[in-house]
There are 4 protein chains.
Amino acid sequence: MKIGKNIVPHTAISTSSEQRIVVRGMDLSRDLIGQINFGDYFFLLLTGQMPDKAASALVNATMVAIAEHGLVPSNQAARMTLAAAPDAMQGAVAAGILGAGSVVLGASETAGKLFLRVEAEAASSHGGDLKAAARSVVTDLRSRKQIVPGYGHPEHKTADPRVAALFEVSARVGGGQKYVQLSRIIESVIPEVTGKDLPMNVSAAIPAVLLGVNFPVTALKGVPMLARVASLIAHLNEEMSDPIGFALANHAVAQQQYTGTPVKD
Amino acid sequence: MKIGKNIVPHTAISTSSEQRIVVRGMDLSRDLIGQINFGDYFFLLLTGQMPDKAASALVNATMVAIAEHGLVPSNQAARMTLAAAPDAMQGAVAAGILGAGSVVLGASETAGKLFLRVEAEAASSHGGDLKAAARSVVTDLRSRKQIVPGYGHPEHKTADPRVAALFEVSARVGGGQKYVQLSRIIESVIPEVTGKDLPMNVSAAIPAVLLGVNFPVTALKGVPMLARVASLIAHLNEEMSDPIGFALANHAVAQQQYTGTPVKD
Amino acid sequence: MKIGKNIVPHTAISTSSEQRIVVRGMDLSRDLIGQINFGDYFFLLLTGQMPDKAASALVNATMVAIAEHGLVPSNQAARMTLAAAPDAMQGAVAAGILGAGSVVLGASETAGKLFLRVEAEAASSHGGDLKAAARSVVTDLRSRKQIVPGYGHPEHKTADPRVAALFEVSARVGGGQKYVQLSRIIESVIPEVTGKDLPMNVSAAIPAVLLGVNFPVTALKGVPMLARVASLIAHLNEEMSDPIGFALANHAVAQQQYTGTPVKD
Amino acid sequence: MKIGKNIVPHTAISTSSEQRIVVRGMDLSRDLIGQINFGDYFFLLLTGQMPDKAASALVNATMVAIAEHGLVPSNQAARMTLAAAPDAMQGAVAAGILGAGSVVLGASETAGKLFLRVEAEAASSHGGDLKAAARSVVTDLRSRKQIVPGYGHPEHKTADPRVAALFEVSARVGGGQKYVQLSRIIESVIPEVTGKDLPMNVSAAIPAVLLGVNFPVTALKGVPMLARVASLIAHLNEEMSDPIGFALANHAVAQQQYTGTPVKD
């Protein structure tokens, strides 16, 4: 079954011959290996541009910020999967990545889109007043019973310590501050609209600093995803020598209740 | 159903409280965000140690070397998956990672284990003669019709350009050369045993340089896996604006043949 | 990090002791193994009810209808994945399933929701006139540049042969015809609204017959997913003895074009 | 990068035209939809043969036997994944399937291979004495510290109730008894060799009955995989209306201990 049009397979990312590999117009072996760090290479792969000093610092800083947070559900799912299928580490990594969805790690992207929406509505409907636009957008989300992505955190209730750290880096390296400021404006209007303090979390800080260095909004979801793979591999490497995968599942099993129909004897 | 023993859930990787996140004994926000690059953080997560200058250079260089190589099968599988399920980028990334198996990207790990095996057999059975041990191990692999992992490449037939680049970085930054030398010894005995030149590829060069900076052999498979996620995200970001996912599948469909039983009418 | 409320782990699906396994109130070994076919068991697992004769026939028929359709993208992705990672069949199956997304196999669910929406709007806004409601809903989808899920097919342009087969079974076994009729009403209004014939495909026929036997709308997506796993396993079993996985990828590679920046020498 | 030879894409499983879909030489709409149950169709897809009465009964019975067993690790991993990524049910199903590995659900295949090995060694080295061959193979596994796949169960310590149920069906429908008998012979020698009773579990009973009806040994792993997808979909459908996914993870988080380096202040 053929789906869609015939298109010649093509990519602007790389090409290769027997003698060399070209990535984004650079010779991989001559220009890149040993010349740039992996975070910078991710930026180059995505955008086709070498990151400037600010972009380099912030791509690396955001991935360091979001990579690891203990036995989160995706690390537990991955460790259970490795315990059941120890020969296929790639399967356990994949199981962990599949938890990078709209609820848990997708907020970096949805918060980024929120910033662009507030900015656009400020221009189109509020004479450039960002605070008025933020109030209007948050009120709209609230009325549709949606959360404000990137605000509030189940553990870091008064302040997510990663936010100040990322904003400090952004200021220090000269990253654009427009979305940092916008992220704070949104934080400030949330209590007015909702009656609750919901301090910004790392998932809003990530687009706040990255959109200021021309990181593409469409790839924002890739930042927590790539970062978490580093954490998943560390947890799975630990699982191989110090396993807790089945034990994690046993905790639930020990307490489980059957709420279905009783069996008829 | 309970499987295995009851064990208290535990990890040596990180812990957190409302005020801070601790990773490998360091305060994430104070000591790590903005202080180290993402490649170094991966080394820290895995090993609990900050990489020294050589380890930092080589972890980053190996991931840059292995991340991207065009429309490889896993990038095609991922792009087809995104075309079919565009709302779930994490699913497309997972589909791509699942191709990091024994045949394609697993050779970094199996080549690393090969080096350790040759080293061990040299000590135990060949009076320390690495070349004799290499000859013996390659002969054994050959007799069991197994490939020598990390040697030979379908495209880079005379030399994989990433090998020299990685070895140059290793020499420049002062990485341990023991496994670099061993990798060349194995390369030199392969024609004697098999009658064919099979030049080393990047998957042997990765453990050759990383084992020299105390990167754990059990986590070698994680290097291509983490690296390829960067490439997958770049390809999927390109797929969103310049789709070829279904077209990739159509090329095969257009030429497919049915080799089964003819239908009876 | 704790997310959400503490809830005692529970399920209404099954429980077990050393002596027996209870599924939906039945003793698995005494009441189910050897007593019912696998399609019926799927219905029981999902709904807690044994299917009646019509539901049994239609659950099985729909899964037979949707399971296999040749070298579709998800089968290609799975075969490429097995070629790269032959030791982990579960990974190749997972890669294939990840293509069961909104564009390709999700239409069974979205078409089912479309039927319920037309039914609800007929009652609330059109005095029970299904055709008027169908016209209004299709017009609305059209105006938002959305497709009508379950209508039109890239290969079966005049009629998807699986539709008539499923409707014949439904009539023969006495399944409820309400949604069958509604699916035809929608088919009839599409040319009026869009100017194009878009004959119903199997993804609309599946909810049309299943909603008539009380199959839960929330689980409709599970029908193509479970069915396709049977196909994936057959393709992967074929791949083991008659491999085409890498060849599928080579077809695209042979023709690929690099559309990026030329390298500077 | 091209890997392997150029091969024309082909499959013996199915082909299609605008008017019809042919599966294994049968017209899908005319010969299969509404004519056979889904379990039988799985057998046809895999083998190219319609199952006889015994094969039909046993393929369905084995999938009913293995599909569901409560909050096993893979169901927990899937429910956690859906909680984190509720928009992508296919991702949660994939995460669950990735736990169908060598330790947990792979034993159907490895037990089947064990039976064939014992049978082959009886012929080649023990003059046809199955018991002697079984004793020799179990002794060998034991000496290499490997488990005997399909024997012993963490919950069903004295007898797995699914075994007798499957064997009863096999006898009733006239399935071949050769591997049933062999499975009991192996069970009988285990206490001699290991000093422990390890009663057969469902994963040995599955190949015992399926190899007797010409189910291909290479596809045995597919039986628990396909079966568990039915269970996964039922658990995920339950998760949507009665969520426990995050709560499952919280149980472990509440008790977790940090065993790493203390932070230096």
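The values are calculated or read from the model by the stated rules, or taken from the named source; none is laboratory data. The structure presented is a predicted model; accordingly, all values stated were derived computationally and were not measured. Note that we place each Cβ from the backbone using ideal geometry, even for glycine, and neighbour counts take in every protein chain shown.
Below, the figures for the structure above:
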quantity	calculated
Within region D:29-44, tally of residues that are crowded, with 18+ Cβ neighbours inside 10 Å and more than 7 Å from every other protein chain (Cβ to nearest Cβ)	4
For A:His69: the one exception among (1) surrounded by fewer than 24 Cβ atoms within 10 Å (Cβ to Cβ); (2) in contact with a strand residue (DSSP E or B) (Cβ under 8 Å, 6 or more places away or on another chain); (3) not assigned by TED's automatic domain parsing to the domain that holds A:His153	(3)
The lone exception for B:Thr261 - which of (1) assigned to a helix (DSSP H, G or I); (2) of a type outside the set (D, E, K, R); (3) over 30 Å from A:Ala12 (Cβ atoms); (4) within 14 Å of chain D (Cβ to nearest Cβ) it fails	(1)
Matching residues, region D:40-93, being within 15 Å of C:Gly222 (Cβ to Cβ), in contact (Cβ under 8 Å) with a residue 60 or more places away in the chain, small (Gly, Ala, Ser) and in a helix (DSSP H, G or I)	D:Ala78, D:Ala92
Residues (within 12 Å of chain B (Cβ to nearest Cβ), under 19 Å from A:Leu58 (Cα atoms) and among the aliphatic types (A, V, I, L, M)) located in region A:210-235	A:Val217, A:Ala219, A:Leu220, A:Val223, A:Met225, A:Leu226, A:Ala227, A:Val229, A:Ala230
Failed criterion for B:Phe215 (all others in (1) touching a helix residue (DSSP H, G or I) at 6+ places or on another chain (Cβ under 6 Å); (2) crowded, with 24+ Cβ neighbours inside 10 Å; (3) not in a helix (DSSP H, G or I) hold)	(1)
Criterion violated by B:Gly176 - all others in (1) within 14 Å of chain A (Cβ to nearest Cβ); (2) surrounded by fewer than 24 Cβ atoms within 10 Å (Cβ to Cβ); (3) part of a loop (DSSP other than H, G, I, E, B); (4) among the small types (Gly, Ala, Ser) satisfied	(1)
Check on C:Val253, under 30 Å from A:Pro9 (Cβ atoms), within 14 Å of chain A (Cβ to nearest Cβ) and not in a loop (DSSP other than H, G, I, E, B)	yes
Top-ranked residue in region A:144-156 [being away from chain C (no Cβ under 14 Å) and of a type in the set (D, E, K, R); ranked as nearest to A:Leu198 (Cα to Cα)]	A:Lys145
Meets criteria (away from chain D (no Cβ under 14 Å), crowded, with 24+ Cβ neighbours inside 10 Å and either within 27 Å of C:Val72 (Cβ to Cβ) or β-branched (Val, Ile, Thr) (or both)) for B:Val202	no
Count of residues meeting criterion [within 7 Å of chain C (Cβ to nearest Cβ), hydrophobic (A, V, I, L, M, F, W, C), in contact with a Phe, Trp or Tyr (Cβ under 8 Å, 6 or more places away or on another chain) and closer than 22 Å to B:Pro161 by Cα] in region B:66-84	0
Residue within region B:131-143 that is more than 10 Å from chain A (Cβ to nearest Cβ) and not in a helix (DSSP H, G or I) present	no
Of residues in region B:14-51 being charged (D, E, K, R) and more than 21 Å from the chain's Cα centre (by Cα), the one nearest to A:Ala165 (Cα to Cα)	B:Arg30
Number of the exception - A:Gly112 against (1) touching a residue at least 24 places away in the same chain (Cβ under 8 Å); (2) surrounded by fewer than 24 Cβ atoms within 10 Å (Cβ to Cβ); (3) in a helix (DSSP H, G or I)	(2)
All positions within region C:150-197 that are small (Gly, Ala, Ser), more than 22 Å from C:Val104 (Cα to Cα) and touching a residue at least 24 places away in the same chain (Cβ under 8 Å)	C:Ser170, C:Gly174, C:Gly175, C:Gly176, C:Ser188
Test for A:Gly245: is it more than 14 Å from chain C (Cβ to nearest Cβ), touching a residue at least 60 places away in the same chain (Cβ under 8 Å) and surrounded by fewer than 16 Cβ atoms within 10 Å (Cβ to Cβ)	no
Residue match in region A:46-55 (condition: at pLDDT 95 or above, surrounded by 20 or more Cβ atoms within 10 Å (Cβ to Cβ) and of a type in the set (Gly, Ala, Ser))	yes
Only listed residue being within 30 Å of D:Ile3 (Cα to Cα), facing another protein chain (nearest Cβ under 7 Å) and buried (at least 24 other Cβ atoms within 10 Å of the Cβ), chosen from A:Gly91, A:Gly99	A:Gly91
Selected residue (only one of B:Thr62, B:Thr11, B:Thr47, B:Thr15 is within 13 Å of chain D (Cβ to nearest Cβ), within 15 Å of B:Asn214 (Cα to Cα) and among the β-branched types (Val, Ile, Thr))	B:Thr47
Answer from B:Pro191, B:Pro207 - the residue that is more than 14 Å from chain D (Cβ to nearest Cβ), surrounded by fewer than 22 Cβ atoms within 10 Å (Cβ to Cβ) and not in a strand (DSSP E or B)	B:Pro191
Unmet requirement for A:Gly127, which otherwise passes all of (1) of a type outside the set (A, V, I, L, M, F, W, C); (2) within 14 Å of chain D (Cβ to nearest Cβ); (3) surrounded by fewer than 24 Cβ atoms within 10 Å (Cβ to Cβ)	(2)
